[in-house]
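Chemist: Shown below is the structure under consideration.
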Number of protein chains: 2
Amino acid sequence: MPTIKLSIIGVGSAIFSLRLVGDLCKTKGLSGSSVSLMDIDENRLNSVHILATRYAAALGANLKFEKTTDMKRSIEGADFVINTALVGGHEQLDASRKAGEKHGYKRGIDSQEFNMVSDYHTLSNYNQLEYFLEVAHSMEEICPNAWLLQSANPVFEGTTLISRYSNIKVVGFCHGHYGVEVLAKSLGLDIREVDWQVAGFNHNIWLTRFLYKDKDAYPLIDQWIEEEAKEWKPKDPFDDQMSPAAIDMYKFYGRMPIGDSVRNGSWKYHYNPETKKKWYGEHWGGADSDLGWAWYQNYLKASTDKSFKLALDKSVNLLQEFPPEVKSGEQHIPFIDALINGNQGRFVLNISNKGPIIPGIPEDVVVEVPVMVNKKGIHPEEINPPIPKRVMNMYLTPRMLRMEWALDAFVSGDKRILQEILIKDPRTKSFEQVKAVVDEILALPFNKEMKKHYE
Amino acid sequence: MPTIKLSIIGVGSAIFSLRLVGDLCKTKGLSGSSVSLMDIDENRLNSVHILATRYAAALGANLKFEKTTDMKRSIEGADFVINTALVGGHEQLDASRKAGEKHGYKRGIDSQEFNMVSDYHTLSNYNQLEYFLEVAHSMEEICPNAWLLQSANPVFEGTTLISRYSNIKVVGFCHGHYGVEVLAKSLGLDIREVDWQVAGFNHNIWLTRFLYKDKDAYPLIDQWIEEEAKEWKPKDPFDDQMSPAAIDMYKFYGRMPIGDSVRNGSWKYHYNPETKKKWYGEHWGGADSDLGWAWYQNYLKASTDKSFKLALDKSVNLLQEFPPEVKSGEQHIPFIDALINGNQGRFVLNISNKGPIIPGIPEDVVVEVPVMVNKKGIHPEEINPPIPKRVMNMYLTPRMLRMEWALDAFVSGDKRILQEILIKDPRTKSFEQVKAVVDEILALPFNKEMKKHYE
């Protein structure tokens with residue numbers, strides 16, 4: 001049986017790491033493999049290492065674990081590298097956000113039309129994009145044949161950047177397409193009878209095909225809107241697949257936005273807290289509001305605290321905490337299993353638009369599309385029916401341009417591009433405001449490298 | 001010698017019509033041709049008819065003239081139709097502008113990023129676009145083999161619309177590329193020694209090639225900026241080819257914007273009257289300011305008054321008013337001469353991007369590019385060097401999307417598209433504002449058809 005070495009960069013997010021380890025434990029075909037856990041935060045690294053080791057033991061899985069704070073050591077001999085690191089953590093995202101708010105950019109300058117997700121920074125997080133390249137270039141040196149599974153945001157910008165500026169095999173991962181299951185459940189459909197396709201960019205995917213028992217299922221959405229939409233209430237800030245925002249986008253674009261795409265509408269849904277509440281539900285106003293994001297930060301802190309506690313307390317039954325019969329839903333390990341062992345599977349992945357897979361999008365842009373994966377590699381499905389023209393012209397192409405601008409700024413170090421992007425921002429009233437906020441971001445203590453690059 | 005019938009739709013603009021007639025008189029190869037002058041304003045029509053007839057007689061030209069207020073009669077038997085009509089005239093443009101200003105859209109909702117030209121309405125002027133199609137569809141019936149020379153604005157949106165929705169041979173005309181001559185003169189260059197190319201969309205063209213005596217002439221622009229830019233002052237509101245706005249765009253995009261493209265920068269140059277003055281010069285602040293546009297309206301009124309006077313006064317020597325040795329610089333008649341008589345010439349025309357002429361732009365979008373015209377037709381030049389990536393990604397593609405949105409709104413009659421366009425507008429503060437301004441535009445008395453279409 002083939003064994004692999006998997007390196008996970010940025011395991012500090014304990015939940016995510018344990019989900020991956022859990023999946024790996026439950027994948028017979030990868031038994032005997034070794035996992036290198038890497039994080040620069042030693043406390044977190046240690047607790048994840050303890051939990052992973054104990055969990056694997058409890059499951060009787062044959063896995064070897066190592067831990068390191070050194071990325072280059074971690075990827076030595078790796079066959080797969082999962083990059084899930086958020087450079088600077090949420091504290092720095094918050095600081096960037098505050099710097100923006102000081103100049104009239106509520107929720108920060110990175111909150112932009114079709115990209116409102118609060119940890120999907122594309123303009124102010126030079127360090128994150130720079131680290132993406134550092135991992136890729138280190139892989140070119142140390143494990144040139146390994147696959148890079150890019151999980152850290154921004155997946156769209158990041159995967160496109162890496163695919164253009166390195167020779168490493170890179171694939172972007174997200175779970176936004178599981179919104180299809182939420183949709184099916186809301187409509188009372190058995191997901192196994194649903195024939196669906198999504199296509200677009202990461203956090204910008206649309207339900208292009210939606211059949212139930214071989215019949216067009218869009219009328220079922222219309223029926224739900226008529227009969228049940230009024231009763232809808234979010235269970236948490238992220239519960240937005242059936243929100244008024246999603247419905248409004250569907251009505252305008254003709255297809256349903258899926259997963260985080262719902263958070264990524266135009267300013268129409270985001271002008272202020274009241275607007276957000278109207279479109280994403282009381283009382284948070286969605287994930288990307290002050291309230292919603294605070295909820296998420298608390299949730300993250302609680303899980304980190306819990307994982308620390310679990311790691312310290314040897315009496316805890318981890319099998320109870322993470323039931324072994326449930327797979328996480330993350331695609332990473334099944335993807336590896338498909339590629340290594342030929343356990344063919346369907347995935348929604350971020351890959352270069354070669355073909356093109358989505359006509360009208362350049363081939364060097366990374367798209368998020370359904371693919372079949374087996375030993376021979378990644379085989380994108382034909383997108384049929386195609387993405388409607390309105391989605392292409394009014395949503396995807398504008399979103400793609402934002403990616404191009406962000407990458408042009410990052411690669412060239414030309415500050416005027418950041419300024420020009422902000423000139424298009426409805427929150428901008430003058431060019432002086434633009435100059436001031438960009439300088440404020442560059443003056444943040446953790447942006448020393450960024451400042452050097454841009455000045 | 002072949003003779004043609006030329007129909008000019010909307011001759012009310014006397015200057016423009018007389019320029020065309022003058023060119024025709026001076027084109028030996030088109031002697032014996034007939035010209036049908038059409039306008040719905042009988043007074044203006046009569047005065048243009050009198051002037052044209054007298055001018056041709058004074059020049060000893062063999063041309064026949066007819067006049068009519070009926071477009072369909074005018075195009076009967078036509079070989080060429082020039083559409084220069086502004087439906088509703090400047091009064092309606094002003095009314096639309098005022099409706100916008102009532103809701104916080106200074107200079108109207110049609111003033112948009114990369115499209116600030118004050119008579120280039122693409123959102124509020126349903127009547128104008130509708131008339132474009134009416135002319136084209138009438139031609140399909142009445143003179144299906146004739147060429148349509150689209151001169152009325154918006155040329156970009158209009159020519160693309162017609163090329164997609166009619167079978168008529170259509171070409172868009174503008175004179176923006178003469179900005180190259182202004183540039184050459186400013187630099188003290190002999191234009192005959194300049195090897196230049198421009199490419200882009202109408203009112204959005206860039207100087208992609210600029211050689212002087214076979215050597216790169218861009219350093220001469222840099223030198224001018226260093227030594228002479230400070231002394232620059234506009235002679236009139238339209239004198240902007242060497243303005244600080246043009247220079248700033250050149251510095252950012254790496255190529256010089258040409259002609260009306262200078263007016264079509266981002267909001268950076270247009271936030272308010274002070275900003276406009278800074279970038280387009282004292283005291284007008286460019287053509288698309290309250291002062292600049294008032295200057296232009298006065299100029300138009302003075303020329304109309306003058307043409308009425310000239311028409312009434314038979315003692316006037318028209319040859320003195322319109323010296324026969326000077327050709328107008330308009331491309332229409334030389335274009336016809338090239339096509340009919342094979343007097344080959346180089347033009348800058350708006351044609352479908354078949355080939356593609358500009359890679360990265362869909363083939364059903366009309367581009368403004370240099371072409372050679374002869375009896376065999378229109379032969380676009382290879383654009384070499386190509387348009388820089390920054391111009392493509394940060395200027396032309398966003399501008400193209402605005403065209404697509406405007407046409408999608410016009411064709412579908414979906415009011416939400418107009419709203420969605422305005423959501424992207426930096427002057428928009430709320431969705432309520434958007435709804436209010438669109439409804440205000442639709443309620444204008446001359447927009448009855450538009451309202452019906454959109455509601």
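Chemist: Loop only by DSSP, 12 or fewer other Cβ within 10 Å of the Cβ. Give me the trypsin sites (Lys or Arg not before Pro) in the stretch A:335-435 that pass, ordered by residue number.
Modeler: Those satisfying the criteria are A:Lys354, A:Lys375, A:Lys376.
Chemist: Given bins 5 angstrom wide, list per bin the percent of all Cα-Cα distances in the stretch B:206-260, short to long.
Modeler: Using 5 Å bins, I get a P(r) of 4, 18, 28, 27, 16, 6, 1 for the stretch B:206-260.
Chemist: What is the percent of Cα-Cα separations in the stretch B:318-430 that go past 16 Å? Walk me through the intermediate numbers first.
Modeler: Details: 4540 of 6328 pairs.
Above the 16 Å cut-off, the stretch B:318-430 has 72 percent of its Cα pairs.
Chemist: Run the quick spin-label model on A:Ser31 and B:Ser186: label points 7 Å from Cα toward the beta carbon, then report their separation in nm to one decimal.
Modeler: Reported label-point gap for A:Ser31 and B:Ser186 is 7.7 nm.
Chemist: By DSSP, what percent of the beta bridges with both residues in the protein assembly as shown are antiparallel, rounded to the nearest 5?
Modeler: Percent antiparallel among DSSP bridges in the protein assembly as shown is about 55.
Chemist: What are the nm distances, shortest first, from A:Asp216 to its equivalents in the other copies, labels at 7 Å along Cα→Cβ?
Modeler: Result for A:Asp216, in nm, nearest copy first: 5.7.
Chemist: For the stretch B:50-96 and the stretch A:59-118, compute the distance between their C-alpha centroids and round to whole Å.
Modeler: 66
Chemist: What shape does the stretch A:292-377 take by its C-alpha gyration tensor, where a ≥ b ≥ c are the square roots of the eigenvalues and a/c under 1.5 counts as rounded, a/b above b/c as prolate, and the rest as oblate?
Modeler: The shape class here is oblate.
Chemist: Tell me the distances, shortest first, between B:Gly329 and the same position across the other copies, using label points 7 Å along Cα→Cβ, in nm to one decimal.
Modeler: B:Gly329 label point versus its equivalents elsewhere: 6.6 nm.
Chemist: Further, regarding this structure: Please report, in cubic angstrom per residue, the volume enclosed by the convex hull of the alpha-carbon atoms of the stretch B:88-160.
Modeler: Working: hull volume 6.0 nm³, N = 73.
Each residue corresponds to 83 Å³ of Cα convex hull volume.
Chemist: Considering the options B:Ile191, B:Leu30, B:Val117, tell which one lies farthest towards the positive end of the dipole of chain B, charges being +1 on Lys and Arg and -1 on Asp and Glu at the Cβ, about the Cα centre.
Modeler: Sorting the options by dipole projection puts first B:Leu30.
Chemist: Taking a ≥ b ≥ c as the square roots of the eigenvalues of the Cα gyration tensor of the stretch A:21-179, is the shape rounded (a/c under 1.5), prolate (a/b larger than b/c) or oblate?
Modeler: Prolate, because a/c is 1.5 or more and a/b exceeds b/c.
Chemist: Work from the charge dipole of the stretch A:115-231 (Cβ charges, +1 for Lys and Arg, -1 for Asp and Glu, about the Cα centre) and give the residue of A:Ile205, A:Tyr165, A:Gly176 farthest towards its positive end.
Modeler: A:Tyr165
Chemist: For A:Lys215 and A:Lys235, FRET efficiency with R0 = 45 Å and r from the beta-carbon atoms, rounded to 0.05?
Modeler: Plugging the Cβ-Cβ distance into 1/(1 + (r/R0)^6) gives 0.95.
Chemist: Would you mind giving the total buried accessible surface between chains A and B, with a 1.4 Å probe and ligands, DNA and RNA left out, rounded to the nearest 100 Å²? Please report the intermediate quantities before stating the final value.
Modeler: Details: alone 19450 and 19470 Å², together 35910 Å².
For A against B, buried area totals roughly 3000 Å².
Chemist: Evaluate peptide B:384-397: per residue, the Cβ atoms of other protein chains within 10 Å of its Cβ; return the mean as an integer.
Modeler: 2
Chemist: Pop out the Kirkwood hydrodynamic radius of chain B from its pairwise C-alpha distances, inverse of mean 1/r, in Å to one decimal.
Modeler: The Cα-based Kirkwood calculation yields 22.8 Å.
Chemist: Taking the stretch A:125-239 as the region of interest, what is the percent of Cα-Cα pairs per 5 angstrom bin, listed from the shortest bin to the one with the maximum distance?
Modeler: Whole-percent P(r) values from 0 Å outward: 2, 10, 17, 15, 13, 11, 10, 9, 8, 4, 1, 0.
Chemist: The stretch A:229-279: Rg/Rh from Cα coordinates, Kirkwood Rh? Intermediate values should be presented prior to the final figure.
Modeler: Details: Rg = 10.2 Å, Rh = 11.1 Å.
Result for the stretch A:229-279 is an Rg/Rh of 0.92.
Chemist: Right, something else. Put +1 on the Cβ of each Lys and Arg and -1 on the Cβ of each Asp and Glu in the stretch A:51-159; which of A:Ala58, A:Asn127, A:Asn145 then has its Cα farthest toward the positive end of the dipole?
Modeler: Value computed over the given set: A:Ala58.
Chemist: Residues with beta-carbon under 12 Å from that of B:Ala311, excluding B:Ala311: net charge, scoring Lys, Arg +1 and Asp, Glu -1?
Modeler: +2
Chemist: Would you check the accessible area of B:Lys72, probe 1.4 Å, heavy atoms only, in square angstrom rounded to 10?
Modeler: Answer for B:Lys72: close to 90 Å² accessible.
Chemist: Quote the charge dipole size of the protein assembly as shown about the Cα centre in Debye, to the nearest 20; the model charges only the Cβ of Lys and Arg (+1) and of Asp and Glu (-1). List each step's numbers first, then the result.
Modeler: Numbers: 108 positive and 120 negative charges, 4 e Å.
In debye, rounded to 20, the protein assembly as shown gives about 20.
Chemist: Could you tell me the extents of the stretch A:229-371's C-alpha atoms along the three principal axes, largest first, rounded to whole Å?
Modeler: 53, 44, 28
Chemist: Give the lysines whose C-alpha is closer than 19 Å to that of B:Lys452, dropping any in the same chain fewer than 8 places away, or say none.
Modeler: Partners found: B:Lys415, B:Lys435.
Chemist: Taking the Cα centre of the stretch A:1-128 as the origin, how large is its charge dipole in debye, to the nearest 20, when only Lys and Arg (+1) and Asp and Glu (-1) carry charge on their Cβ atoms? Mind showing how you got there, number by number?
Modeler: On the way: 15 positive and 14 negative charges, 61 e Å.
The calculated dipole for the stretch A:1-128 is roughly 300 debye.
Chemist: Would you please give the FRET efficiency between A:Lys451 and B:Lys389, computed as 1/(1 + (r/R0)^6) with r the Cβ-Cβ distance and R0 = 22 Å, to the nearest 0.05?
Modeler: 0.30
Chemist: From the helices alone, meaning DSSP H stretches of at least four residues, give me the mean residue ellipticity at 222 nm for chain B, per-run term -39500 (n - 2.57), in deg cm²/dmol to the nearest 500.
Modeler: The helix contribution divided over chain B gives -13000 deg cm²/dmol.
Chemist: Cα extents of the stretch B:384-455 along the three principal axes, largest first, in whole Å?
Modeler: 49, 27, 17
Chemist: How long are the semi-axes of the ellipsoid equivalent to the stretch B:162-205, from square roots of 5 times the Cα gyration tensor eigenvalues, in whole Å, largest first? Could the numbers behind the result be given before it?
Modeler: Working: eigenvalues 186, 19, 13 Å².
Result for the stretch B:162-205: semi-axes of 30, 10, 8 Å.
Chemist: Mind checking Rg over Rh on the stretch A:359-406, alpha carbons, Kirkwood formula for Rh? Show your work: numbers first, answer last.
Modeler: On the way: Rg = 12.8 Å, Rh = 12.4 Å.
A ratio of 1.03.
Chemist: From other protein chains only, count the Cβ atoms within 10 Å of every residue's Cβ in A:421-428, then give the mean.
Modeler: Counting other chains' Cβ atoms within 10 Å and averaging over A:421-428 gives 4.
Chemist: Where the eigenvalues come from the Cα gyration tensor of the stretch A:60-126, what are the semi-axes √(5λ) of the equivalent ellipsoid, largest first, in whole Å?
Modeler: Semi-axes, largest first: 35, 12, 11 Å.
Chemist: For peptide B:400-408, compute the average count of partner chain beta-carbon atoms within 10 Å of each residue's beta-carbon.
Modeler: Across B:400-408, the average partner-chain Cβ count within 10 Å equals 3.
Chemist: In debye, nearest 20: dipole of the stretch B:374-455 around its Cα centre with unit charges on the Cβ of K, R (+) and D, E (-)? Display every interim value, and only then the final one.
Modeler: On the way: 15 positive and 12 negative charges, 42 e Å.
Approximately 200 debye in magnitude.
Chemist: Rounded, prolate or oblate: which one fits the protein assembly as shown, using the alpha carbon gyration tensor with axes a ≥ b ≥ c (rounded when a/c is under 1.5, else prolate when a/b beats b/c, else oblate)? Spell out each step's value before the answer.
Modeler: Numbers: a/c = 2.31, a/b = 2.10, b/c = 1.10.
Because a/c hits 1.5 or more and a/b exceeds b/c, the protein assembly as shown counts as prolate.
Chemist: Okay, next question. What is the distance in Å between the Cα centroid of the stretch A:392-431 and that of the stretch B:214-271?
Modeler: 22
Chemist: Further question on the same structure: Using the Kirkwood radius built from alpha carbon pairs, what does the Stokes-Einstein equation give as D for the stretch B:241-314 at 4 °C and 1.567 mPa s, in µm² per second? Spell out each step's value before the answer.
Modeler: Details: Rh = 13.7 Å.
After rounding, the answer is 95 µm²/s.
Chemist: Here's a follow-up. Order the peptides A:170-181, B:137-148 from the highest to the lowest mean number of other Cβ atoms within 10 Å of their residues.
Modeler: Packing order, densest peptide first, comes out as A:170-181, B:137-148.
Chemist: Does a label point 7 Å from the Cα of B:Glu140, set along Cα-to-beta-carbon, have any residues of the stretch B:154-170 with amide nitrogen under 20 Å, and which are they?
Modeler: B:157-170
Chemist: Mind checking which chain B residue has its Cβ closest to the axis relating B to A, and how many whole Å off it is?
Modeler: Spelled out as residue then distance in Å, it is B:Pro426, 3.
Chemist: Hey, can you find the accessible area per residue of the protein assembly as shown for me, probe 1.4 Å, expressed in square angstrom?
Modeler: Accessible area per residue, the protein assembly as shown: 39 Å².
The values are calculated or read from the model by the stated rules, or taken from the named source; none is laboratory data. Please read these numbers as outputs of a predicted model, since none were measured by experiment. Because the Cβ atoms are built from the backbone with ideal geometry, glycine has one as well, and the counts that use them run over all protein chains shown. With ligands, DNA and RNA removed, areas are computed over all heavy atoms of the protein, side chains included. Shrake-Rupley method; radii C 1.70, N 1.55, O 1.52, S 1.80 Å.
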